[in-house]
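*Asks:* After the structure tokens below, expect a handful of questions from me.
The values are calculated or read from the model by the stated rules, or taken from the named source; none is laboratory data. The shown structure was predicted, so the numbers you read here are calculated from the model rather than taken from an experiment. Cβ: placed from backbone, ideal geometry, glycine included. Neighbour counts: every protein chain shown.
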Amino acid sequence: MRVFSLRAAALLPLSLLVFSCEQETTTEVMEIETAAPRFLDLPAAKGGTATLGKSADGRSVTVAMAEYITAADSDEMGNTVFFNNRGNKQLSFDFVPGQSIDGTDAISYYVDETRPSDDVPVEVSTDAIVRSMDTWNDVTCSDLSMFRVPNNGRATGFYSFLFGFGGSLDYVADVVHNGWMPAQFFDRIAPNGSRSILGVTFTLVFIDNNGNILDEDNDGKGDVAWREIYYNDRFNWSDGSGIDIETVSLHEAGHGLSQGHFGKAFRTNKNGKVHFSPRAVMNATYSGLQTEIDGTDNGGHCSNWGSWPNN
């Protein structure tokens, strides 16, 4: 953590004369630095290779990376985890026109209502998630033609299935909000993850028979099959206060739509307050209610989606 000093000058009146003196006060401000990316392996299947799945059209898929947002009092910034550091080691991934498993260039999403939060009714959390998806869909520079796949109670979660928390290896939608998971789920992602991670987004990619990540459009980015979003039920969730569902969902949906983390965070030692430069939806740490996107968030979205589907 980097420490900065802020100096303030004060004028002190004495009796009938006014003397100017400099009073130095020091406020320590620490930059909360992001740790280096982590590399993890998926569970091994028979034969010792990483567990893979098949999409609805028979293409092989695997988990490539995860990005998570942390609570403000966690003393760390959200981080990126890469799985199975092998193949062509693509470090960025994106959807590809014409490659979606549902056969459309529109972005589909699904909200799993079988894993509700303990804190709010499922219809409240679903409405908050839908609002967050609508917010990204309404950005004027892009035309995602986003649509919601109706909930039918199916099991979801490729990553959760691999690690024994229930789910399915099947494709459901391009972006899946897989619901609220028990705290121990997040300890598999990062040390002490159960106490620091609010939400996480996993990127699943298409791979060839040798486990190499595909790049069918030759843009230097791995081809995304779908993305999965999970929320940590250890925290107290709400609609409009506390840990706000829509705010965290908006952040995770940004990852679901190919945006990374942005900005720096600083903590003032005296009061423990966290500041951001700049404050943005895609900051890696939660900073309170934030349900609108502009500035850097808007720019990042437009750079990814401004030409879709003619990328």
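Residue-by-condition table, conditions (1) closer than 20 Å to Met77 by Cα; (2) of a type in the set (Gly, Ala, Ser); (3) at pLDDT 90 or above:
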| residue | (1), (2), (3) |
| --- | --- |
| Gly260 | yes, yes, yes |
| Thr268 | yes, no, no |
| Gly272 | yes, yes, no |
| Gly288 | yes, yes, yes |
| Ile293 | no, no, yes |
| Ser303 | no, yes, yes |
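*Asks:* Inspect all residues belonging to region 214-222 and state whether any of them is in contact (Cβ under 8 Å) with a residue 40 or more places away in the chain and under 16 Å from the mean Cα position of the chain (by Cα).
*Replies:* Going through region 214-222, the residues in contact (Cβ under 8 Å) with a residue 40 or more places away in the chain turn out to be 215-217, 219-222.
Subsequent filtering for residues that are under 16 Å from the mean Cα position of the chain (by Cα) retains none.
Checked against the condition, which is being in contact (Cβ under 8 Å) with a residue 40 or more places away in the chain and under 16 Å from the mean Cα position of the chain (by Cα), region 214-222 yields no hits at all.
*Asks:* Report yes if some residue within region 204-215 is of a type outside the set (Val, Ile, Thr) and touching a Phe, Trp or Tyr at 6+ places or on another chain (Cβ under 7 Å); otherwise report no. Steps first, please.
*Replies:* Step one: filter region 204-215 for residues of a type outside the set (Val, Ile, Thr), giving 204, 206, 208-212, 214-215.
Filter once more, so that each one left must be touching a Phe, Trp or Tyr at 6+ places or on another chain (Cβ under 7 Å): 204, 214.
Within region 204-215, one or more residues are of a type outside the set (Val, Ile, Thr) and touching a Phe, Trp or Tyr at 6+ places or on another chain (Cβ under 7 Å).
*Asks:* Which residues, taken from region 238-251, are out of contact with any Leu (no Cβ under 9 Å at 6 or more places or on another chain) and more than 14 Å from Asp73 (Cβ to Cβ)? Lay out the reasoning, then the answer.
*Replies:* Narrowing region 238-251 to residues out of contact with any Leu (no Cβ under 9 Å at 6 or more places or on another chain): 238-239, 242, 245, 249-250.
Answer for region 238-251, where residues must be out of contact with any Leu (no Cβ under 9 Å at 6 or more places or on another chain) and more than 14 Å from Asp73 (Cβ to Cβ): Ser238, Asp239, Ile245, Ser249, Leu250.
*Asks:* Within region 256-266, can one find any residue that is buried (at least 21 other Cβ atoms within 10 Å of the Cβ) and either of a type in the set (Val, Ile, Thr) or on the phi > 0 side of the Ramachandran plot (or both)?
*Replies:* No, region 256-266 contains no residue that is buried (at least 21 other Cβ atoms within 10 Å of the Cβ) and either of a type in the set (Val, Ile, Thr) or on the phi > 0 side of the Ramachandran plot (or both).
*Asks:* Something else now. For region 238-250, which positions are part of a strand (DSSP E or B) and surrounded by 24 or more Cβ atoms within 10 Å (Cβ to Cβ)?
*Replies:* Kept after step one, since they are part of a strand (DSSP E or B), are these residues of region 238-250: 238, 243-244.
Hits for region 238-250: nothing passes.
*Asks:* Suppose we keep only residues that are within 23 Å of Ala66 (Cα to Cα) and not hydrophobic (A, V, I, L, M, F, W, C) within region 114-130. Which one would you say is surrounded by the fewest Cβ atoms within 10 Å (Cβ to Cβ)? Explain how you work it out, then say what you get.
*Replies:* First, the residues of region 114-130 that are within 23 Å of Ala66 (Cα to Cα): 114-117, 125-126, 128-130.
Then keep just the ones that are not hydrophobic (A, V, I, L, M, F, W, C); that gives 114-117, 125-126.
Details: Thr114: 13, Arg115: 23, Pro116: 18, Ser117: 21, Ser125: 26, Thr126: 20.
Result: Thr114.
*Asks:* Separate question: Does Thr268 meet the test of being touching a Lys or Arg at 6+ places or on another chain (Cβ under 6 Å), in contact (Cβ under 8 Å) with a residue 24 or more places away in the chain and polar (S, T, N, Q)? Break it down stepwise before answering.
*Replies:* On the way: touching a Lys or Arg at 6+ places or on another chain (Cβ under 6 Å): no; in contact (Cβ under 8 Å) with a residue 24 or more places away in the chain: yes; polar (S, T, N, Q): yes.
Judged against the criteria, Thr268 is not a match.
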